[in-house]
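The values are calculated or read from the model by the stated rules, or taken from the named source; none is laboratory data. This structure is a prediction, so every number in the text was calculated from the model and none was measured. Ideal geometry is used to build each Cβ from the backbone, glycine not excepted, and the neighbour counts take in all protein chains shown.
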Amino acid sequence: MYDSVANVGIKNGRIEVITKDKITGAEKINAKGLVVAPGFIDTHVHGLDPFTIKMVLRDGVTTAMDLEAGACHVGDWYEQKAKGGWQVNYGTTSSHALNRMIVHDPETAIDEPVDMANAAHYMHVAGEDGVAGWAMTKDTIETMNKVSRLLDEDMRQGALGLAAVPAYMARGLTTYALFEGQRAASRYGRLTAVHTRFHLSSEPPTEAALGFDEVFTNAFLLDAPLLVQHNNDYGWWEIEEKLQLARARGLNMWSEHYPYASGGTVISADFLRPEVWEDIQGNRYEETIFDPQTDSFFTRETFKKTVANDPSRNIVIFMPWREEWIKYWLTMPHMAVASDGLPGHDANGNLLPMNADYSEYAGNPRTAGTHARTLRLGREQGVPLMFQLSQLSYWPALHLGDTGLQAMKDRGRVQVGKIADLTLFNPDKVTDNATFTAGENGLPSTGIPYVIVNGAVVVKKSKVLVDVKPGLPIRFPVEENSRFEPVTVKRWINEKTIAPFENHVEDACGMSEIINDNELK
């Protein structure tokens, strides 16, 4: 809450002094007329590729993490990212979906780190037999334990928590399998970051808030942190009220939004299938589902054809009903700002190289403009600047720090001794420029002339310095021992009941399990 005109001195990557006295240094930035703010922390950037990072840097982001989709083989993922160096700080959760893919779609043969930047190939392979097992196949106890073991290994390797996307697995992910996934993370005290099961649904018996209730109940009972990602659709008001009640009781739970009346996802998202999106929800593809690669809307027929031929294609969803809600999100305590930024694809679906022009990006403009747009809309609506900076930086740092993550305890504040992740912007002129028009999807934000990461200037006079890569991993320490505990029928009955254990029982998934005398003993 420090708000004054002062000089800021940086040394060895940290803030050494904040003073009204004159100070000197090897490099000086004239910040007259600019706000020196804590660097923006984005917990929802799917595009952890160089071109996307170039866009988000121009938008003031100093830490970009994908907590919603996450990654698999997390230990290798961090090693891989460290080799090339990164311009921003980076981190990931363990992906429930990708680890389910390893188990339920063995034909994918995933043996490398996978995140949203390279998941398209594996999504194609998983669906070639007509069944995307990760999304459509229900677990047995055996497969659920296999998934949980993989999640546990990711946690042991320092994953920030569980990436849970039940909305994309609504017909395959059982409630108990989700509970076990959250439990795998909770054994390490880690969060669940969730795209809730019924997100976008406004009709009983699948109202959106029920999906929140599912993960909230699990998190509460497991004494685990919870991040509700892009809580920006029907039922958001109910979810926010419940989150406020939860925090009042000392629970570490918060949410995100981005200030756009549109969304973006892969075209094969389960909730977009015609019998749900059109037949139940009453939407029309010709008005809501847009293809940035062809600069046109889908029809029901072209939508179904593209799902079959290109299930990983990124699309834009127009949601005009959100327009009225945005002003409330901008004033909602502990509702952080996160872009849900997509990978840096061109019009042909290829990842753009770092040196590509911003006009070549074909995707949702929120990737390039979320944070500057938040500042612009807040300025226009009279939202206190300090409140905006809490949404953009402090609250995500606070809640992640409260999970025990030291890297976040040291960020999100302009204070002596804290890490010098800083975003300098003109509060009167900062604005977003990216639009839905082809060629303008990735236009960079303006009014943010300097971005500093770990004490190094990465954006200078509104130009990204491509060879400067001071980004550090946001990660828990690697632990020596696993905390995995398999689910077994025998143990469950012995722990939860006083009934004698029978040699032949039916498990919770309807599968018979034979227990011999030695196992009984």
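Summary of computed values
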item: Answer residue from the range 58-79, given it is over 17 Å from the mean Cα position of the chain (by Cα) and surrounded by fewer than 24 Cβ atoms within 10 Å (Cβ to Cβ) and is farthest from D346 (Cα to Cα) among those; result: G75
item: Leading residue by the ranking (nearest to S4 (Cα to Cα)) among those in the range 30-48 that are in a loop (DSSP other than H, G, I, E, B) and either within 22 Å of the chain's Cα centre (by Cα) or among the basic types (K, R) (or both); result: K32
item: Scope the range 167-195; condition touching a strand residue (DSSP E or B) at 6+ places or on another chain (Cβ under 6 Å) and part of a helix (DSSP H, G or I); matching residues; result: G181, Q182, A185
item: Which listed residue, of G378, G404, G369, G412, is under 14 Å from M55 (Cα atoms) and either touching a residue at least 12 places away in the same chain (Cβ under 8 Å) or among the aromatic types (F, W, Y) (or both); result: G369
item: Residues of the range 196-248 that turn out to be part of a loop (DSSP other than H, G, I, E, B), among the aliphatic types (A, V, I, L, M) and at pLDDT 95 or above, as a count; result: 1
item: Some residue of the range 448-459 being part of a strand (DSSP E or B), without any contact (Cβ under 8 Å) to a residue 12 or more places away in the chain, more than 26 Å from Y258 (Cβ to Cβ) and in contact with a strand residue (DSSP E or B) (Cβ under 8 Å, 6 or more places away or on another chain); result: no
item: Scope the range 111-157; condition β-branched (V, I, T) and either in contact with a Pro (Cβ under 8 Å, 6 or more places away or on another chain) or surrounded by fewer than 19 Cβ atoms within 10 Å (Cβ to Cβ) (or both); matching residues; result: V125, V131, T137, T140, T143
item: Odd one out for G263 among (1) within 21 Å of L210 (Cβ to Cβ); (2) modelled with pLDDT of 90 or more; result: (2)
item: Lone qualifier among L178, L173 - being of a type in the set (A, V, I, L, M, F, W, C), in contact (Cβ under 8 Å) with a residue 24 or more places away in the chain and surrounded by fewer than 24 Cβ atoms within 10 Å (Cβ to Cβ); result: L178
item: Qualifying residue in the range 436-451 (condition: outside the structural domain of I15 (by TED's automatic domain parsing), modelled with pLDDT under 95 and of a type in the set (S, T, N, Q)); result: no
item: Qualifying residues in the range 193-211 (those that are under 16 Å from G181 (Cβ atoms) and among the hydrophobic types (A, V, I, L, M, F, W, C)) - the one surrounded by the fewest Cβ atoms within 10 Å (Cβ to Cβ); result: A193
item: Test set (1) touching an Asp or Glu at 6+ places or on another chain (Cβ under 9 Å); (2) surrounded by fewer than 22 Cβ atoms within 10 Å (Cβ to Cβ) - A163 fails condition number; result: (2)
item: Filter result for L443 (in a helix (DSSP H, G or I) and crowded, with 16+ Cβ neighbours inside 10 Å); result: no
item: Verdict on G344 being surrounded by 22 or more Cβ atoms within 10 Å (Cβ to Cβ) and not hydrophobic (A, V, I, L, M, F, W, C); result: yes
item: Failed item in (1) part of a loop (DSSP other than H, G, I, E, B); (2) farther than 30 Å from Q182 by Cα; (3) within 22 Å of the chain's Cα centre (by Cα); (4) at pLDDT 95 or above, with F476 passing the rest; result: (2)
item: Meets criteria (among the aliphatic types (A, V, I, L, M) and touching a helix residue (DSSP H, G or I) at 6+ places or on another chain (Cβ under 7 Å)) for A372; result: no
item: Odd one out for N350 among (1) surrounded by fewer than 18 Cβ atoms within 10 Å (Cβ to Cβ); (2) in contact (Cβ under 8 Å) with a residue 24 or more places away in the chain; (3) not small (G, A, S); result: (2)
item: Filtered residues of the range 430-440 (kept if surrounded by fewer than 24 Cβ atoms within 10 Å (Cβ to Cβ) and either acidic (D, E) or more than 30 Å from D346 (Cβ to Cβ) (or both)); result: E440
item: Selection within the range 10-51 - surrounded by fewer than 23 Cβ atoms within 10 Å (Cβ to Cβ) and in contact with an Asp or Glu (Cβ under 7 Å, 6 or more places away or on another chain); result: I10
